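Here the structure is laid out as structure tokens; the discussion comes afterwards.
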Amino acid sequence: MMTVLEIVRLIGSEFSEVSDETIEKWLELSKPLISAKKFGTTYYQALALLTAHRLKMAGYGDNNNGSISDAMLVSSYSEGEASISFTASQSNNLLADAELALTVYGLQFLTLRRSCVMTIVSAGEA
């Protein structure tokens, strides 16, 4: 079984220059945000994805390699009257999830979360 650190290293090769100690600290910061009970067997993967997302948003990783994982990829650009748009459409996300849509790691986390966590729970009312 892989450790969470190994999963982060596998999915986020752009973090190869980031020390294990730094990643471990970000893992500790991310742990309270995810329920091991809700994610079950995918808990380590979810924690790794959320940590990679948070690392990317904090400015870690290689932003010059042209990889799809770069945060806030530009999908269009204009010069006259300056216009720019990003590939992550915030109108399709709930406000609480908007930041997660800014990186490929966050989007993968959302996909995994949707498959593991039921967002509407019946309180048993008739």
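Output the peptides 52-61, 33-42 sorted from most to least packed, where packing is the average of other Cβ atoms within 10 Å over each peptide's residues.
On the way: 52-61: 20.1, 33-42: 12.6.
Descending mean neighbour count gives 52-61, 33-42.
Counting only protein chains, not ligands or nucleic acids, how are 51, 111 ordered by accessible area (probe 1.4 Å), most first? Working shown, then result.
Numbers: 51 0, 111 85 Å².
Most to least solvent-accessible, the answer reads 111, 51.
The values are calculated or read from the model by the stated rules, or taken from the named source; none is laboratory data. Predicted model only: the values in this text are computed from it and were never measured. Every residue, glycine as well, gets a Cβ built from its backbone with ideal geometry; the counts of neighbours run over all protein chains shown. Ligands, DNA and RNA are excluded from the accessible area calculation, which covers all protein heavy atoms including side chains. Shrake-Rupley method; radii C 1.70, N 1.55, O 1.52, S 1.80 Å.
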